[in-house]
Each structure stands twice: as structure tokens, then as C-alpha cells.
Amino acid sequence: MALLIHFLACAFGVGSWVAVNGLWVELPLIVNALPEGWDLPSYLTVIIQLANVGPLLVTLMHKLYPGCLKEHIVIYSILSIGVLSCILLAFFWDRTTIFIGASRSTAFFIITFFLSLVDCTSSVTFLPFMMQLPAKYITTYYIGEGLSGFIPGVVALAQGVGMAKCVNSSETAGNHTGSSHTEYLPPNFSTKVFFFILAAMMCISLAAFVALNRLPRTYELSTENLVQDTVVSISSNLDNSGADLDGESVKNSGEEVAQGRHLVAKLSVYQLTFIYFLVVWVNSATNGLLPSVQTYSCMPYGNLAYHLSAALASVANPVACTLAMFIQNRSLVFLGLLAVMGTGFGSYNMAMAAMSPCPLLHGSAVGEAIIVLSWLFFTGTLSYVKVMVGVILRDRSHNALVWCGAATQMGSLVGSVIMFPLVNIYQLFKSGDFCNTECPL
């Protein structure tokens, strides 16, 4: 039974961000087809943050009317909307309209808003729902949340999304100027099929939630026992994650339980402030600041570099979550240093975007490898921080996780609002054609 619940928790977690993550890994193909071009990611980050109206309403309901909001009804609703939106996106993603004298991806933006509403609201509903289960399943849920980026990334790699080659103009135009342009190769399967795959994953997540919501009540925890059961199950699962706690193990875990209670109780206001600051900053960087300029950071090195950065960075998230299952370091000093390291990688990515279309090592395999690895380590280090902060706050209370979700969305909003005018109004980042850009040595 425990193995089945682990599987269901993982499948449920996949539905948390699979739609938005799927959009990001498909961008190397989409940016070449929609009129917004390289600016498209900055539009997406703002649209995603506008969808924060969902978690805002949920958070206010918890604050103003405690206990009145039925989380399972909210989850049923948003997962159903997610399935429908993915299906609509498959048919209408490339439809454009004329707005303010220019062609706009109206249908894509509207459907993306509803997909974002689903995923943003999951941050303040999925985790609180998981608190009804023993604590050993929360890491499994986080692995599923990581897979929501990994699986679309693998599918995108199989699709061959956005591959390109440089073609001499004389080959296509019959001239002999010697100039070249970028020609994009067709993918192994269409964007329409990709979005249907996302819809299927949302259906699986919905089915997993239905099963979890119908589990026998013996698997639920009361609020009064949250801290005790959390520490007992985590300490037990460090040795055997698949085993149920028996009477002897609970008895022998008394010392660990007392220690866990002490650790939770001794967190000061300053430590909690630092924890929530980490939540805001990490999510501001990973969900707002850097995604807005990923095209400018990677595309100068070629579509392959952008494709690999988007797809392989998605692998770092579940790897970090899996690592957190076996190596749990709750030291705030360690998490702070890890956040600084991740910020360093993010700073390099931002610097390369600012130098676009002529970043460091432009046109070299070394430059391509460095930018891909930088995005990989940026995502991986900060993902580990996210998981461990979630585990720490999970040990405190239901409300701690709710406010963790709210802080997550606030950080993402701040990052997106900062970057949108810099990209689209002040145009601090410049685009260019990979095959035609001439950079000084």
C-alpha cells in the first residue's frame, strides 16, 4: 500500500507545474513561429504572474475564513481546467490577431493564462492537501513536481525541438553574396502533439488525486500530531523509505521526535524571516528574473544551446529532489551558501543575456557547453534549497506551508515585474540571427 501511495503522490505532483514547464521547454520551437520572437519569454513570465490571482484568493480565504475552503474541490476544479486548456492550446496556440497595429499571439496568451492559473494555484493547495498523508510522502510529491519539468524536457529532446542550421543565401535565393540565414528543421512531431501529451499528463495527475482523496482515513494525520509524525517518518525513511513504521521503531524514535520538536520550536523570528526571504529570492530568480532572458542568454550560441539549456535544466529539479530524500541538510547556513552559489550561476546567465547577441565565447563549443552547464547548476542548486525550505516549513504547521506558497508566488511576481519593462520597453537586451551575427574577437 505504501508503494502505491508513493506512486500516486508522485503522479499527483507531476500535475503541479507540468503545463507551464511544458511551455518553457517547447519555447525553442514556439519563439520561431510566433510574432513576439525572443521577447516571448518575458510576456510569459508576466502572464504567469497575473495568474497569481488564484493563490491570492486561496490565501485570503485561509486567512479570513479558516477551515471554510474545501481544498479538494479547488484541486478538482483546477486540474480539470488544466486538462481542457492543454487540449485548446493544441488547436489554437499559433492563432494570431492584430492588436495595436501589430500581430499578437492572442489565443496563446489567453490559454497560457488559464494554464498558469492552474499551476500557480497548485502552490497553495497541493502541498496543504499532502499534509493529510504521512510526511514520508511529501518528498515523493516533490519528486513528482520535479518530474513535471523533466518529462516535458525528455519529450522535447525526442521531438528535436528548434534544431537549426545555417544555409548560404545563394542556395535558396540564387545570388552569390555569400551571406547566410538560419533555417529551422522540422521537428520529429508537431507542437500540437506535444500539447496533447501535456493534456495526457494532466489527466494522469487528476486520476492520481482522485485515488489519493479516496484513501482510507487511517492514512490521514491530525493537526496535533503533525510534528511528531513528520519527524518520526523522516528519520525512519532515511533507512527504509518504503517501509511502514511499526511499534518498535516508533518507540525507539522517541529521542529523534523530541529533538525534532526542539528544532522546530527553537526557530527564532529572525530565522523564519531568513527562511521566507530565501523562498522569495530563490523563486524570484528561477521563476521571474532569469526565465525572462533565457532566449537572450542562450540563442546567441545557437538553437541547440537554447534547446539543451531548457530541456536539461529541467532534469536538475528532480535530481535535486531525489538528493534531498537521501541527504537532508537543514542548516540555514548551508542553505544560504547554496543559494549564493546558485545566484552566482544565475548572474553569469544574466551577464550573457546582457551581452547578447555577442556573449563570451560566442560561436565556440566551449561557450555553448558553459551556458548549458550554468543553467543546469543554477536550476539544480536553487531547487535543492526550495525542497529543504519546504521540508522545514512542513514541520511547523499547515499555515506555514500555505504562506510558503504565497511567498513563492510573491517572489515570482517581483522578478517578472522587474524584467518585463527592461526587456520590452527599455529593450536592454538585443536579439540577433545566429548565422549572420558578426562579433568582435
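The values are calculated or read from the model by the stated rules, or taken from the named source; none is laboratory data. As the structure is a prediction and not an experimental result, all values here were calculated from the model. Cβ sites come from the backbone with ideal geometry, for glycine too, and all protein chains shown count toward neighbours. Side chains are part of the model used for accessible areas, which takes the heavy atoms of the whole protein and leaves out ligands, DNA and RNA. Shrake-Rupley method; radii C 1.70, N 1.55, O 1.52, S 1.80 Å.
I'd like the FRET efficiency for Tyr270 and Cys68, computed as 1/(1 + (r/R0)^6) with the beta carbon distance as r and R0 of 45 Å, rounded to 0.05.
Calculated value: 0.85.
Compute the length gained on full extension between Val210 and Arg104: take 0.36 nm times their separation in residues and subtract their Cα-Cα distance, giving the result in nm to one decimal.
Residue separation times 0.36 nm, minus the Cα-Cα distance, leaves 34.3 nm.
Based on the Kirkwood radius over alpha-carbon pairs, what value in µm²/s does the Stokes-Einstein equation return for the translational diffusion coefficient of the range 1-157 at 10 °C and 1.306 mPa s?
This corresponds to a translational diffusion coefficient of 95 µm²/s.
Points 7 angstrom from Cα along the Cβ direction at Gln427 and Asn329: gap in nanometres?
Calculated label separation equals 4.6 nm.
Please give, to one decimal in nm, the separation of the simple spin-label points placed at Cys166 and Phe277, each 7 Å out from Cα toward the Cβ.
4.7 nm
Using only alpha carbon pairs under 8 Å that are at least six residues apart, calculate the relative contact order of the range 85-170 and give it in whole percent.
16 percent
How much net charge surrounds Thr408 when only other residues with a Cβ under 13 Å from its Cβ are counted (Lys, Arg +1; Asp, Glu -1)?
-1
Note down the relative contact order for the range 32-157 as a percent, whole number, built from C-alpha pairs under 8 angstrom at least six residues apart.
33 percent
Report, in whole Å, the centroid distance computed from the Cα atoms of the range 266-329 and the range 332-374.
12 Å
Which of Lys63/Lys192; Lys165/Lys386; Lys165/Lys192; Lys136/Lys192 have a Cα-Cα distance over 31 Å?
Cα-Cα > 31 Å for Lys63/Lys192; Lys165/Lys386; Lys136/Lys192; rest within.
How far apart, in nm, are the 7 Å Cα→Cβ label points at Ser364 and Leu60?
If labels sit at Ser364 and Leu60, their model points lie 5.4 nm apart.
With a sphere of radius 12 Å drawn around the Cβ of Pro357, what net charge do the other residues whose Cβ falls strictly inside it have (Lys, Arg +1; Asp, Glu -1)?
Spelling it out: positives minus negatives among the neighbours equals -1.
At a 1.4 Å probe radius, carbon and sulfur cover how many percent of the accessible area of the range 321-441?
72 percent
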